[in-house]
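The values are calculated or read from the model by the stated rules, or taken from the named source; none is laboratory data. Note that the coordinates shown come from a computational prediction; the quantities given were computed from them, not determined experimentally. A quick note on method: Cβ atoms are made from the backbone with ideal geometry, for glycine too, and the neighbour counts reach across all protein chains shown.
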Amino acid sequence: MYDASTVTEGTDDPTLILLTVEEAARRLSIGRTYCFRLLAMGQLDSVTLGRARRVPAEAVVEFAHKLRASQCRGAMTSERKGLAA
């Protein structure tokens with residue numbers, strides 16, 4: 001007998017538009033608590049549906065891009081400091 005829960009258990013559905021905080025954390029490879037902290041600090045966007053908090057899938061991608069860009073800028077600044085010395 002086919003059981004869909006065994007197929008999707010532990011995997012993220014790429015077609016989801018709104019993710020639970022746990023799903024967003026899993027996609028970012030971070031813990032649930034840290035994901036809630038990012039939400040509280042406004043670094044990761046979310047919406048509420050009634051009492052449920054959801055993270056738009058595109059917000060996860062945008063967060064990763066911002067994080068990468070900030071780290072690239074930091075690396076370039078460090079390299080410039082090294083060249084100026």
Limited to segment 40-55, what total is found for residues that are in contact with a helix residue (DSSP H, G or I) (Cβ under 8 Å, 6 or more places away or on another chain) and surrounded by fewer than 18 Cβ atoms within 10 Å (Cβ to Cβ)?
3
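Conditions tested, residue by residue: (1) modelled with pLDDT under 95; (2) in contact with an Asp or Glu (Cβ under 8 Å, 6 or more places away or on another chain).
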residue: 1; (1), (2): yes, no
residue: 10; (1), (2): yes, no
residue: 41; (1), (2): no, no
residue: 62; (1), (2): no, yes
residue: 75; (1), (2): yes, no
In this structure, does residue 67 turn out to be of a type in the set (A, V, I, L, M), at pLDDT below 95 and either within 11 Å of the chain's Cα centre (by Cα) or part of a loop (DSSP other than H, G, I, E, B) (or both)?
yes
